[in-house]
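This report refers to the structure that appears directly beneath it.
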Amino acid sequence: MQKLLGNTIDWLDRRLGLRSAFLPILTHPVPRGLGWFYVFGSATLSMFLLQIITGICLALVYVPSASDAYTSLEYLNREQPLGWLLRAVHYWSASGMVVLLALHATRVFLMGAFKYPRELTWLLGVGLLFTTLGLAFTGQVLRWDQDAYWGVGVGAAMMGRVPVVGPALVHVLLGGANIGGETLSRFFGLHVFVLPGLTILLLVPHLYLVVRQGISARPRAGKPVDPRTYDAEYAAELAAGEPFFPYDFTKDAIFSACCVLVVFTLAVYFGPKGPSGPPDPTLIAAEPRPDWYFLPLFALLALSPPEMETAIMLVMPVVLVAVLVLVPFVAGKGERSPRRRPVAVLFVLVFFVIYGVLGYLGNVAPWSPDMNAWSGTPVPERMVKNLTPAQLQGAAVLQNKTCRNCHALDGEGGRRGPDLTSVATRLTRDELIRQVIQGGGNMPAYGQQLSPAEVEVLVSFLTTLKPDGEPRPHAGDVAADQ
Ligand code: HEC
């Protein structure tokens, strides 16, 4: 039996040459004394493999259609044997992947391992960070529950603010003007084909470079990186090094195994996440929460004053990408030891403190405004003067249907949406109808909550909202309105 196996392996190897291709990788020398800080990268890879395996199994059952997605997840949770475990492991290993990736990137940054000659490895890693976050974001949308619905809404609102191409981008992302069945198909395609493909496409050269450039030695204070002498120094380090297998390989394997064990324990103990209730854009009272990694962003948007939202949504991601991309070029030489790089250490500390505080606030700050805050505030008197009976009724609908909790009139009211005092100078009647019925850009759709007659009178009231100087629509227009 053993002989047969040995013969088969020999037969294959004579044709594939795998031994000569991969043995050197396993036995290549690495610097001595790497310690346990170097295990996070391979553990991230293990989580990614776990994601792929559980993800393929999930895709066999999951139905990416707006009407059936929710039911298929409930089916996995309740009917399919061990379906709940599959979902739970997929969810918890996703969290694990984000955590380990953050640890890996932090370790590389603090130990200056991105410096010469490993700048490209770092850049590919930055790409991997964003594909991972993309996978996390698109993944939570596939749950297609209330959280998902709002998540897409926020994502679309961010994209919609990109100058010039924003609206087109939103159209591409949503697969239409609204969040609907096409949106889910898009996110499914992104989550199971595009983003995993991109991740693998970046991962292969990342790993190739790790092997080619070798694992950086532990940083020593007072031994800066100088591209003119570094290669010789590193060669000397390797000459005195040890083979990767079995010493460091074993550390990687032990730590990865522990991570997988932790993921399974969490999965069994806490079970899968959601789905949290069928998506319903008219459920205004729902308090959606994104998965934990996006809580800080969620808090930032929920708490920032509306005037600053655009700046935060547009400028922050660009700055973040720019900083990460520029790091190896700005700091590609010099000291590697964190003891000699106080600015780098401070940067990491500040980042994690802000992330933590915002994450905490994201957990307590309501995304939706306080829905009772302004309901009792009447429509300002000057706005109801000289109105037709239908328009007056519209003012009453505005009053009763919680619009004021998000919208101010004459500066009084909620701040989530724009002040409506002079909305009729901005929007046409058709646009007003669409906004009320379909919502959009963080506003819930009121189509199901208002009768056609209520929408009619509400919009005819909204069309009167113009500054005093401008002519109000007179009786003739109103008749045409109705
Ligand atoms: C949960 C908060 C919320 C509630 C409740 C709400 N809106 Fe909105 N509304 C918004 C937001 C946010 C926007 C901005 C959308 C955007 O950026 O595209 C908005 C936009 C609008 C606009 C377009 C304003 C403009 O200048 O572009 C109109 C009109 C409007 N809402 C009317 C209403 C009416 C009428 C109601 C009640 C039936 C209502 N809203 C209830 C959040 C809300």
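The values are calculated or read from the model by the stated rules, or taken from the named source; none is laboratory data. Note that the structure is a prediction, hence the values are computed from the model and not measured. No Cβ is skipped: glycine too gets one built from the backbone with ideal geometry, and neighbour counts run over all protein chains shown. Side chains included, ligands, DNA and RNA excluded: accessible areas come from the protein's heavy atoms. Shrake-Rupley method; radii C 1.70, N 1.55, O 1.52, S 1.80 Å.
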Could you compute how much accessible surface residue 120 exposes when probed at 1.4 Å, giving the result in Å² to the nearest 10?
110
Counting only protein heavy atoms, what percent of the accessible surface of segment 31-276 is carbon or sulfur at a 1.4 Å probe?
72
Got a sec to turn the phi values of segment 127-133 into Karplus ³J(HN,Hα) couplings, 6.51 cos²θ - 1.76 cosθ + 1.60 with θ = phi - 60°, whole Hz, x for Gly and Pro?
x, 5, 4, 6, 5, 5, 5
So if the hydrodynamic radius of the chain is defined as the Kirkwood radius over C-alpha pairs, what does Stokes-Einstein give as its diffusion coefficient at 37 °C and 0.692 mPa s, in µm² per second?
125
Within the chain, what's the longest stretch lacking trypsin sites (Lys or Arg not before Pro) that sit in DSSP loops with no more than 12 other Cβ atoms inside 10 Å?
1-219
What is the spin-label model distance, in nm, from residue 250 to residue 67 if the labels are put 7 Å beyond Cα along the C-beta direction?
6.0
Once amide H atoms are placed 1.01 Å from N in the peptide plane, what residues at a sequence separation of 5 or more from residue 413, or on another chain, have their amide H within under 5 Å of its amide H?
none
Residue 53 accessible area, 1.4 Å probe, all protein chains in place, Å² to nearest 10
100
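If the chain between residue 349 and residue 258 were fully stretched, how many nm would it gain, using 0.36 nm times the residue separation less the Cα-Cα distance?
On the way: separation 91, 0.36 × 91 = 32.76 nm, distance 2.66 nm.
Here the segment from residue 349 to residue 258 would lengthen by 30.1 nm.
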Considering only protein heavy atoms, with the full assembly of protein chains and a 1.4 angstrom probe, order 65, 185 by accessible area, largest first.
185, 65
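Per DSSP helix of 4 or more residues, -39500 (n - 2.57); summed, then divided by the residues of the chain. What does that give at 222 nm, rounded to the nearest 500?
For the chain, the value works out to -20000 deg cm²/dmol.
Counting only heavy atoms of the protein chains, get the accessible area per residue of segment 31-276 (1.4 Å probe) and round it to a whole Å² value.
Numbers: 11550 Å² over 246 residues.
That works out to 47 Å² per residue.
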Using a 1.4 Å probe on heavy atoms of the protein chains only, the accessible area for residue 192 in Å², nearest 10, reads 50
With labels modelled as points extended 7 Å from the Cα through the Cβ direction, what inter-label distance (nm, one decimal) is found for residue 106 paired with residue 37?
1.3
